[in-house]
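Below is one structure, written out as structure tokens; the observations come after it.
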Protein chains: 2
Amino acid sequence: MVTIRDIAERAGVSVATVSRTLHAPEAVRPDKRSRVQQAIADLNYAPNAIARQLRKRRHETLIVIVPEIANPFFSGIIQSIENIAHDLGYRVLIGETQDRQDRLDHYADMVLSRAAGGLILLGSLLPSAVTASMADQRAIPFPLVLACERFEGLPCPSVAIDNQAAAALAVRHLWETGCRRIGTIAGPQSNSLGRDRLNGYRKALSDLGVNLECGWMEEGDFSIESGHAAMMRLLGSGGNLDGVFCANDEMAIGALQAIRSSGLTTPGDIALIGFDDLRFGAFATPPLTTIRQPTGELGETAMRMLDALLQGGVVDHRPVLLAHELVERQSTKQRVDN
Amino acid sequence: MVTIRDIAERAGVSVATVSRTLHAPEAVRPDKRSRVQQAIADLNYAPNAIARQLRKRRHETLIVIVPEIANPFFSGIIQSIENIAHDLGYRVLIGETQDRQDRLDHYADMVLSRAAGGLILLGSLLPSAVTASMADQRAIPFPLVLACERFEGLPCPSVAIDNQAAAALAVRHLWETGCRRIGTIAGPQSNSLGRDRLNGYRKALSDLGVNLECGWMEEGDFSIESGHAAMMRLLGSGGNLDGVFCANDEMAIGALQAIRSSGLTTPGDIALIGFDDLRFGAFATPPLTTIRQPTGELGETAMRMLDALLQGGVVDHRPVLLAHELVERQSTKQRVDN
DNA sequence: TCCATTTTTGTAATCGTTATCATTTCACAT
DNA sequence: ATGTGAAATGATAACGATTACAAAAATGGA
């Protein structure tokens with residue numbers, strides 16, 4: 001491996017001069033500077049980032065953790081994180097956990113051992129180092145920002161939307177467009193997203209004075225397939241629904257097909273509303289009405305929070321809630337406005 | 001920051017003993033070992049990975065580069081890469097380029113500067129360090145494996161399917177199910193995937209003795225939206241098509257909607273076949289006939305190649321071609337078998 | 001008890017940078 | 001020429017781990 005010492009030798013200068021040509025070229029005289037640059041080119045030298053980091057104790061590498069990259073919802077968030085990160089001089093790497101604690105801990109170890117500077121967590125799992133610190137009432141052991149999910153009482157900055165309110169909005173929309181027997185395909189209840197959205201559904205119904213009848217609720221795991229299966233169960237359970245709120249778009253896409261394959265139509269027989277505003281939802285048959293989360297803003301806010309944390313600033317631990325939005329397409333009946 | 005020296009001091013031993021308790025506990029006497037472990041727990045010590053890497057010159061971090069994580073096709077590949085990588089003791093991070101050279105080079109720099117051990121490249125862009133080395137007839141400057149795309153004459157291991165043959169298979173399938181005027185929505189011609197699939201289309205037509213008429217071909221950029229737009233152009237160009245081969249599933253999903261919104265049906269009026277076998281394609285209306293790539297095998301092969309490279313082995317530079325498969329669903333007419 | 005082995009331990013060099021500080025070189029005025 | 005201050009350079013100590021190698025301690029047999 002070619003090191004700074006090899007360059008120094010070949011250029012007939014000291015290692016300090018080489019280092020300076022690299023980081024403050026104006027501080028070294030042009031003749032030496034060009035000799036050094038020549039040597040660097042000749043030997044194809046690239047400074048060893050490991051050694052430099054050891055010396056500088058600064059980290060330009062951040063990690064964004066997602067449960068699964070296959071989920072297109074995360075991509076918008078990640079993209080905006082990356083854009084901001086880039087501007088702020090960081091490098092972003094993405095880690096996928098597949099909801100496995102060991103994988104997550106593996107990535108957390110990178111931060112614990114200073115191979116990376118900080119973590120943005122998009123999933124519903126917490127690194128065990130964080131859980132442990134909570135249990136011991138200690139501070140969180142590294143720069144951490146939470147996005148999308150909510151963790152009660154975790155002392156770190158977080159950003160999300162008000163999932164419960166957004167879910168309630170979706171249900172109200174179904175009601176306002178004429179649905180009277182509104183069911184739901186809920187997300188996994190192990191996770192705050194799933195719980196909040198189900199609570200929103202419940203709250204909206206009770207605000208509307210509707211009783212949640214048995215056979216109106218099924219649970220999925222946010223996948224297309226689970227949405228399909230849950231819809232089949234709803235259809236079979238005699239709930240006699242005319243509208244269904246799905247806790248995300250992927251399950252709604254599965255549900256859509258279940259409805260059609262049962263010989264029913266959307267929105268004619270059963271209206272459907274999803275959550276997340278996936279690109280694929282807009283091109284489903286019929287195009288899916290949904291709740292849009294401000295993915296760009298979500299990512300940007302999270303990234304700026306992490307930057308503030310890394311700059312040593314103290315960041316407010318109260319969750320930042322961003323605005324959501326109803327996107328009306330053809331899977332719900334049209335509102336009669338006037 | 002708490003270092004190994006702090007632990008040594010608190011436990012009343014030397015740093016060597018601490019290091020040994022960490023990596024070869026059986027080599028240190030139980031009493032000291034437990035004193036050290038106690039000190040580690042007390043001070044919440046985590047060894048500095050940077051320092052260790054500098055000393056050990058080994059890399060357990062690999063980078064997988066994708067053009068955009070939003071593309072669900074890549075997720076299957078990445079997942080299998082991660083599974084194998086994990087078993088082999090590597091840590092995988094994902095970098096997204098959004099087809100921008102500067103981003104790609106940024107990740108390549110991490111390998112060049114030894115912040116990571118190697119690269120698996122899934123996109124159509126090459127790091128400039130690699131292009132430069134090719135131009136100078138030098139060897140590629142770091143462990144690199146290519147998956148999915150093909151680069152003529154690049155001396156490094158690669159794995160893919162035979163895109164041209166697969167595209168030809170798709171076109172033949174349309175023919176065999178009765179289509180006689182077969183158009184295509186091609187991928188970007190800047191990229192080998194797009195080119196190979198278009199060549200396959202051309203070759204299949206000429207093998208079938210069909211003349212490619214004007215108005216049968218439009219180009220998209222692999223996105224849903226571009227597929228929609230391209231299909232609208234095809235419909236307007238008077239090519240009078242009864243079947244269309246789309247160079248990927250996302251464009252096919254866009255095309256599907258364009259056809260429907262024009263009052264036509266699939267496969268009745270126009271049959272459609274895609275490429276990649278996305279999950280969303282299986283749940284489209286109608287479910288999409290497509291070509292499946294063996295994503296799992298693709299990822300596994302790439303990862304094993306990179307491991308071999310990192311182990312210092314010499315790996316064959318001839319591209320490894322894996323088998324593809326036709327997945328018949330309802331967007332093409334049913335074959336009359338007998 | 002004492003010597004020869006075998007285990008355990010500690011000291012110090014090393015990895016490739018950066019940064020401090022002392023030293024040398026330079027430009028310029030006298 | 002010479003003195004001065006500024007600019008450029010070099011030697012070297014960090015950064016925090018790992019690991020030869022040497023030294024010390026423990027073990028065991030006589």
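The values are calculated or read from the model by the stated rules, or taken from the named source; none is laboratory data. Being a predicted model, the structure only gives us computed values, none of them experimental. Here Cβ is always computed from backbone atoms with ideal geometry, including for glycine, and neighbour counts include all displayed protein chains. To get the accessible areas, we keep the full protein, side chains included, count just its heavy atoms, and leave off ligands, DNA and RNA. Shrake-Rupley method; radii C 1.70, N 1.55, O 1.52, S 1.80 Å.
Using DSSP to call loops (not H, G, I, E or B), can you name the chymotrypsin sites (Phe, Trp or Tyr not before Pro) in the range B:241-338 whose Cβ has at most 11 other Cβ atoms within 10 angstrom?
Answer by residue number: there is no such site.
For the range A:4-55, state the semi-axes of the equivalent ellipsoid (square roots of 5 times the eigenvalues of the alpha-carbon gyration tensor), sorted largest first and rounded to whole angstrom.
Output for the range A:4-55: semi-axes of 17, 13, 9 Å.
For B:LEU212, what accessible surface area do you get with a 1.4 Å probe? Give it in Å², rounded to 10.
Surface accessible to solvent at B:LEU212 totals approximately 70 Å².
In terms of Cα to Cα distance under 21 Å, which lysines are near enough to A:LYS56, apart from those fewer than 8 places away along the same chain?
Cross-link targets: B:LYS56.
Using +1 at the C-beta of Lys and Arg and -1 at the C-beta of Asp and Glu, which of B:LEU208, B:GLY178, A:ALA147 has the Cα lying farthest in the positive direction of the dipole of the protein assembly as shown?
With unit charges placed on the Cβ atoms, the residue in question is A:ALA147.
So for the range B:78-142, what are the equivalent ellipsoid semi-axes in whole Å, largest first, each being the square root of 5 times an eigenvalue of the Cα gyration tensor?
Working through the eigenvalues yields semi-axes of 22, 14, 11 Å.
May I ask which residue of B:LEU198, B:LEU112, B:PHE222 lies farthest towards the positive end of the charge dipole of chain B, with charges of +1 (Lys, Arg) and -1 (Asp, Glu) on Cβ and the Cα centre as origin?
It is B:LEU112.
Return the carbon/sulfur percentage of the accessible area of the protein assembly as shown, one whole number, probe 1.4 Å, all protein chains in place.
50
Over the range A:4-55, average the accessible area per residue using a 1.4 Å probe and give it in Å², no decimals.
61
Averaged over all directions, how much area does the convex hull of the C-alpha atoms of the range A:281-338 cover when projected, in nm²?
Computing the convex hull of the Cα atoms and averaging its projections yields 6.0 nm².
Got a sec? Which residues in the range B:88-114 would a label at B:SER190 touch, if it sits 7 Å along Cα→Cβ and we count backbone N under 13 Å?
Within reach of a label on B:SER190: B:98-102.
Taking every residue in B:285-292, how many Cβ atoms of other protein chains lie within 10 Å of its Cβ, on average?
Across the residues of B:285-292, the mean count of other-chain Cβ atoms within 10 Å is 2.
Using the Cα gyration tensor of the range A:42-179, with a ≥ b ≥ c the square roots of its eigenvalues, what is the shape: rounded (a/c below 1.5), prolate (a/b larger than b/c) or oblate (neither)?
Prolate, since a/c reaches 1.5 and a/b exceeds b/c.
More than 16 angstrom separation, counting every C-alpha pair in the range B:266-309; what % is that?
Counting every Cα pair in the range B:266-309, those more than 16 Å apart make up 52 percent.
Note down the Stokes-Einstein diffusion coefficient of chain A in µm²/s, whole number, using a Kirkwood radius over alpha carbon pairs, 25 °C, and 0.890 mPa s.
For the chosen part, D equals 108 µm²/s.
Rounded to the nearest 500, what is chain B's calculated 222 nm mean residue ellipticity when only DSSP H runs of at least 4 contribute -39500 (n - 2.57) each, over all residues?
Mean residue ellipticity, 222 nm, calculated: -13500 deg cm²/dmol.
Suppose accessible area is computed on protein heavy atoms with a 1.4 Å probe; arrange B:LYS56, A:LYS333 from highest to lowest.
Per-residue accessible area, sorted high to low, gives B:LYS56, A:LYS333.
Going by Cα centres, the range B:133-179 and the range A:274-313 are how many Å apart?
The two parts, judged by their Cα centres, are 34 Å apart.
Any chance you could look up the accessible area of B:LEU272 with a 1.4 Å probe, heavy atoms only, rounded to 10 Å²?
0
Evaluate the charge dipole of the range B:21-157 about its Cα centre and quote only its size in Debye, nearest 20, assuming +1 on the Cβ of each Lys and Arg and -1 on the Cβ of each Asp and Glu.
Roughly 900 debye, rounded to the nearest 20.
So if I place +1 on the C-beta of Lys and Arg and -1 on the C-beta of Asp and Glu, and nothing else carries charge, what would the dipole magnitude of chain A be about its Cα centre? I want it in debye, nearest 20.
With only Lys, Arg, Asp and Glu charged at Cβ, the dipole is about 1200 debye.
To the nearest 20 debye, what is the magnitude of the charge dipole of the range A:198-283 about its Cα centre, counting +1 on the Cβ of each Lys and Arg and -1 on the Cβ of each Asp and Glu?
With only Lys, Arg, Asp and Glu charged at Cβ, the dipole is about 120 debye.
Need the per-residue list for the range A:86-118: every residue with at least 30 Å² less accessible surface in the complex of protein chains than in the chain by itself, probe 1.4 Å, sorted by number.
Listed in order, they are A:HIS86, A:ARG91, A:LEU93, A:ILE94, A:GLU96, A:GLN98, A:ARG103, A:HIS106, A:TYR107, A:MET110, A:SER113, A:ARG114.
Taking amide hydrogens as modeled 1.01 Å from N in the peptide plane, which residues meet the under 5 Å criterion relative to B:VAL327, leaving out close sequence neighbours?
Sorted by chain and number, the residues that satisfy this are B:THR290, B:ILE291, B:ARG292.
Between copies, how far apart are the B:GLN311 label points? List them in nm, one decimal, shortest first, with each point 7 Å from Cα toward Cβ, please?
Between copies, matching label points for B:GLN311 lie 4.8 nm apart.
The range A:75-111 to the range B:97-129: how many Å between their Cα centroids?
Cα centroid to Cα centroid, the span is 17 Å.
Can you give the Rg/Rh ratio of the range A:164-225, where Rg is from the C-alpha atoms and Rh is the Kirkwood radius?
0.96
Where does the Debye-calculated log10 I(q)/I(0) of the range B:163-293 sit at q = 0.13, 0.15, 0.16 Å⁻¹, using only Cα point scatterers of equal weight, no solvent?
Normalising to I(0) and taking log10 leaves -0.42, -0.57, -0.65.
Shortest first and in nm to one decimal, what separations exist between A:VAL2 and its copies in the other chains, measuring from label points 7 Å along the Cα-to-beta-carbon line?
Reported distances to equivalent positions: 4.3 nm.
Calculate how large, on average over all directions, the projected area of the Cα convex hull of the range A:53-108 is; give the answer in nm² to one decimal.
4.3
Go through the range A:116-216 and name the GluC sites (Glu not before Pro) that are in a DSSP coil and have 10 or fewer other Cβ atoms within 10 Å of their Cβ.
A:GLU152
Using alpha carbons only, what's the Rg to Rh ratio of the protein assembly as shown with Rh from Kirkwood?
Over the Cα atoms of the protein assembly as shown, Rg/Rh equals 1.01.
Just to be sure I understand the model, the point goes 7 Å from the Cα along the line to the Cβ. What's the resulting B:HIS23 to A:ASP136 distance in nm?
Result for the modelled spin labels: 2.5 nm.
Under 27 Å Cα-Cα from B:LYS333, which lysines qualify once same-chain neighbours fewer than 8 residues away are excluded?
Straight-distance partners of B:LYS333: B:LYS203.
P(r) for the range B:1-100, please, calculated from all Cα pair distances in 10 Å bins and given in %.
14, 30, 22, 19, 13, 2
Which value, in Å² rounded to 10, gives the accessible area of A:ILE253 with a 1.4 Å probe and all protein chains present?
Accessible surface of A:ILE253 is approximately 10 Å².
Distances from B:ASN199 to the same position in the other copies: list them in nm, one decimal, shortest first, using label points 7 Å from Cα along Cα→Cβ.
Output for B:ASN199: 5.8 nm, nearest copy listed first.
Note the full-extension length gain between B:ARG57 and B:GLU9 as 0.36 nm times their separation in residues minus their Cα-Cα distance, in nm to one decimal.
Extending this stretch completely gives an extra 14.6 nm.
Leaving out ligands and nucleic acids, note down the accessible area per residue over the range B:163-293 with a 1.4 angstrom probe, in whole Å².
Heavy-atom SASA per residue in the range B:163-293 reads 33 Å².
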